[in-house]
Amino acid sequence: MKISTMAVIMAMTDEAKPFIEALELKKLACGLGDALPMEVYTGSVEGANLIVVVGGKDQRFGVDNVATQPATLSAYLAIEQFKPDLLINAGTAGGFKAKGAEIGDVYIGSGAIRFHDRRIPIPGFDGYGVGSYKTPDVDKVAEVLGLKKGVVSTGNSLDMTPEDQRMIEANQGAVKEMEAAAIAWVAELYDIPLVALKAITDLVDTDTPTQDEFMQNLKFASERLQKKLTDAVHCFAGEGIA
Ligand code: ADE
């Protein structure tokens, strides 16, 4: 499928900055609407329009709008406003040492994107809670760009409770983050393919406190993300998506 408009949804300014600067994207003054904190940047890659939506800051807490609610809103408004034919959710994530992850690795979501903290043990609602949104076939782009592949597992917390861990294992999750499944739900409603690209800031199955490892590696991982995301948008603009 040929791509004419790609929308990249990113939660944190620090994650997005290297990419926005590298591609010299221009900020849209109107964003996604007057009442909304999201920031919008535009540019073009090999003839395709490129839109980047960044979550912006919470008006009371002054921190980045991370996790599922802003991600859902960003995805919905980006789709309605820019009619993208490809969505990309790019950001940082926790990885698993036991699964071979290293800090700075960039994963592409493969197989499925699932929730690990929507536990609803009632028939039908249990599957709805996990979501299991399909990903496009990313084997070729993973190979060409040197990306690791894995199931992305989404929750609304940075830490990992034993119950989260159990669900991530059941999900076969390789990447733990806070936005992709929320965006995948919107993408599925509109039948738009979603690619998740996640750079590892922390290893959640080690003794190092996640928040410390995350803060320590955010800049490094965001730079790694920028390189792979730049390659990916060129690849999708040039070759489309299966
Ligand atoms: N983003 C970066 N690291 C993360 C983690 N360990 N859990 C959820 N989101 C993350």
- [ ] Express the relative contact order of the chain as a whole percentage, based on alpha carbon pairs under 8 Å and six or more residues apart in sequence.
- [x] 28
Task: Of 100, 150, 62, the one that fluctuates the most in a GNM where the chain has Cα springs shorter than 10 Å - done: 62
TODO: Using per-residue counts of other Cβ atoms within 10 Å, averaged over each peptide, order 72-81, 34-43 from highest down.
DONE: 72-81, 34-43
Task: Degrees between helix 68-82 axis and first principal axis of the chain (Cα, 0 to 90, nearest 10) - done: 20
- [ ] May I ask you to evaluate 6.51 cos²θ - 1.76 cosθ + 1.60, the Karplus curve with θ = phi - 60°, for each residue of region 186-201 and list the ³J(HN,Hα) values in order in whole Hz, giving x for glycine and proline?
- [x] 5, 4, 5, 4, 9, 6, 10, x, 10, 10, 9, 10, 9, 9, 7, 9
TODO: Could you estimate the translational diffusion coefficient of region 86-175 from the Stokes-Einstein equation, with Rh from the Kirkwood formula over C-alpha pairs, at 4 °C and 1.567 mPa s, in whole µm²/s?
DONE: 94
- [ ] Compute the Cα gyration tensor for region 122-216, then decide on rounded, prolate or oblate, letting a ≥ b ≥ c be the square roots of its eigenvalues: rounded whenever a/c is under 1.5, prolate when a/b is larger than b/c in the other cases, and oblate in all that remain.
- [x] oblate
TODO: May I ask you to compute the full-extension gain from residue 59 to residue 83, defined as 0.36 nm times their residue separation minus their alpha-carbon distance, rounded to one decimal in nm?
DONE: 5.9 nm
- [ ] Average the reciprocal distances over every distinct pair of alpha-carbons in region 40-104, invert the result, and give the Kirkwood radius in Å.
- [x] 14.2
Task: Rounded to the nearest 20 debye, dipole of the chain from Cβ charges on Lys, Arg, Asp, Glu - done: 280
TODO: Evaluate the distance, in nm, between pseudo-label points positioned 7 Å from the Cα of residue 28 and of residue 140 along their respective Cα→Cβ axes.
DONE: 2.9
Open item on the list: Skipping prolines and chain starts, which residues have an amide H placed within reach, meaning under 5 Å, of the one on residue 115, given they are 5 or more residues away or on another chain?
Closed with: 131, 132, 154
- [ ] List, in the order given, every pair from 97/148; 17/148; 149/198; 99/227; 148/176 whose Cα-Cα distance in the structure shown is over 21 Å.
- [x] 17/148; 99/227
Open item on the list: About the Cα centre, and with charges only on the beta carbon of Lys, Arg (+1) and Asp, Glu (-1), how big is the dipole of region 99-191? Nearest 20 debye, please.
Closed with: 140
Task: Cα convex hull of region 5-239 - mean projected area over all directions, nm² - done: 12.3
Task: Expected 222 nm ellipticity per residue - DSSP helices of 4 or more, -39500 (n - 2.57), all of the chain, to 500 - done: -11500 deg cm²/dmol
Open item on the list: So, R0 is 35 Å and r is the distance between the beta-carbons of residue 76 and residue 219; what FRET efficiency does that work out to, to 0.05?
Closed with: 0.70
- [ ] Please list the non-local residues whose amide H lies under 5 Å from the amide H of residue 38, H modeled 1.01 Å from N, same-chain partners needing a gap of 5 or more.
- [x] 32
TODO: Can you tell me the relative contact order of region 1-128? Whole percent, Cα pairs under 8 Å, sequence separation 6 or more.
DONE: 30
Task: Potential lengthening between residue 188 and residue 69 on full extension [0.36 nm per residue; Cα-Cα distance subtracted] - done: 41.2 nm
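No value in this document is a laboratory result; all are computed from the given coordinates. Owing to the predicted nature of the structure, the values given are computational and were not obtained by experimental measurement. Methodologically, a virtual Cβ is constructed for each residue, glycine included, from the backbone with ideal geometry; neighbour enumeration extends over all protein chains shown.
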